[in-house]
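I have placed the structure first, in the form of structure tokens, so that the comments after it can refer back to it.
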Amino acid sequence: MSKYVDFSGRPFHFIGIGGIGMSALAYILAKRNLPIYGSDLKSSHITKRLQTIGVNIFSHQNAKNLELFQQTTQEQNLSLLNNSSLNIFSSNLRVNTELLIREKHNGAVQNHKEIDQLPQVVCSTAINTNNSEYRAAIELGCPIFHRSDILAALIQDYQSIAVAGTHGKTTTSSLIGLMLLETDLDPTIIIGGEVDAWKGNARLGESPYLVAEADESDGSLVKISAQIGVVTNIELDHPDHYESLEQVVETFQVFKENCQTTVGCIDCSTVRNFLQPTISYSLNSNSDADYTVDMVDSRSNITRARVWERGQKLGELQLRLLGKHNLSNALAAVAVGRLLGLEFTAIAAAIAKFEGSHRRFEYRGEYNGILFIDDYAHHPSEINATLAAARWRKNQPLTTSHLSTKHLAPRIQNKSLPIQRIVAIFQPHRYSRTQAFLSEFTKSFNDADIVIVTDIYSAGESSLGQVNGQQLAEAISSQHQQVYYQSSLESVSKFLHEVLQPGDMAIFLGAGNLNQIIPEVMAYYQKPNYQIMSSETA
């Protein structure tokens, strides 16, 4: 089995291609004109985006998916395609396969000449070793790579900036990506979220620069060797993989050793004490960090701060995102930009344009005077930060400058709605995380007026019977007066029909599938009998 990722033209086959990390890699490889195939259990806007650039996707994870690569004649491939047992998302697969065969026989196009060669199979940690497609790949002798192996190989291909940390990776890498894009450095970008500026979770640039989000969750961070490594913070967040914070620190220390330069936030004591980054940043103006801020002001609905570089004033930074954590993320981008030789005025202009990543305090709509927000927060620290940002907004005039006008519904333009209550709807993510941080979760919702907890999203974990959603709700209620448990997403929807009222900010928190109910709840409050009279909201 090959130990090296081959980018010269050999096909790739992604098992679970629709995942946020897997799809970003598949997109970059497809845009590099490599033959890309994959499978997933359901269609989504992500898989459809891949199909538009020529990726062929099977709708089942099945050993037969790999038969395509064993066929070497047009008739054999067409026979496979006509097999009714194979449901394929892409209606273009037949055409694409015929084209690949013709190109192979004619020798006209180099990129697709190896259709008869076994593919390089890519999996994520989410793929179980008993998966039939995975087992078939092993039996066939396909080179098999973890998702992180492909990312590490791509990072080696570029002058790369890898953004790591327990929290803030997606926002920070998105900020850096936009900064490079706006300053005409034309970067390749691979992140774990979707950004409107490049219409997804990845873009292929033509410059030597690559900005990538580097995940520590399964220990694969140690494979990453980047020119610049960014560390936003270090906490224990994945007790399913790590037994202690010390193990997490060891992973980040290897990452630091592998990177030429490390940029780190020393507001995190773990980064400060155990990582000692090459270049440091901090929101504490009295710290000895290389980059600091003062004169922080959010009163005008835009976060403003004065930025200092090693004791020298750089100028003012403006940010549309809420919360100190996002100001810290922006300061990391400033540090990277300056390291790359960018002028601060250009950096600040780019950051001022950033509208956020999807599922990071993402505005979803406003109906009946109720503001709907979707947020990925699932760790106690993330929930604390998100709700603290929401608390700042409470009782302040809600104008279009609070939110990206690109996402605002026309009906609330030029209106001002005070927020009376913060309603936090939380779906715990993983049994192991819920059990490990049960005490911390109880203290994470102090900035919410009402807390609604549903059952745990397993993310493939088996319940050991140690904790469930109801027990978490009861634990939170020891610190909070209004906590309600709803066992299913359907019951959460029905409960929200009863409890929400004008002036509420409903924040859906979690990394699972809780946000699937947002459209239905919003639709309920769009009914005519729930519309607020214009005189009440003018």
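The values are calculated or read from the model by the stated rules, or taken from the named source; none is laboratory data. These numbers were taken from a predicted model, which means no experiment stands behind them. With ideal geometry, Cβ positions are generated from the backbone for all residues, glycine too; neighbour counts draw on all protein chains shown.
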**Message:** Being part of a strand (DSSP E or B), without any contact (Cβ under 8 Å) to a residue 60 or more places away in the chain and either in the same structural domain as residue 167 (by TED's automatic domain parsing) or farther than 19 Å from residue 232 by Cα (or both) narrows it down to one residue among 293, 334; which is it?
**Reply:** 293
**Request:** State the number of residues belonging to segment 349-372 that are buried (at least 23 other Cβ atoms within 10 Å of the Cβ) and of a type in the set (A, V, I, L, M).
**Result:** 3
**Prompt:** Residue check: is residue 166 in a helix (DSSP H, G or I) and either in contact with a helix residue (DSSP H, G or I) (Cβ under 6 Å, 6 or more places away or on another chain) or assigned by TED's automatic domain parsing to the domain that holds residue 205 (or both)?
**Reply:** no
**Message:** Looking only at segment 2-12, filter to residues that are under 17 Å from residue 151 (Cβ atoms) and of a type outside the set (Ser, Thr, Tyr); which one of those is surrounded by the most Cβ atoms within 10 Å (Cβ to Cβ)?
**Reply:** 12
**Request:** Quick one: count up the residues across segment 327-345 that are of a type in the set (D, E, K, R) and buried (at least 18 other Cβ atoms within 10 Å of the Cβ).
**Result:** 1
**Fill in**
Expected single match for among the aliphatic types (A, V, I, L, M) and free of Cβ contacts under 8 Å to residues at least 24 places away in the same chain among 448, 511, 506, 473 is 473
**Item:** Count - residues of segment 427-446 that are more than 12 Å from residue 383 (Cα to Cα) and part of a helix (DSSP H, G or I)
**Value:** 8
**Prompt:** What number of residues within segment 495-519 are surrounded by 14 or more Cβ atoms within 10 Å (Cβ to Cβ) and either among the charged types (D, E, K, R) or part of a strand (DSSP E or B) (or both)?
**Reply:** 6
**Message:** Exactly one of these conditions fails for residue 270: (1) part of a helix (DSSP H, G or I); (2) over 25 Å from residue 435 (Cβ atoms). Give me its number.
**Reply:** (2)
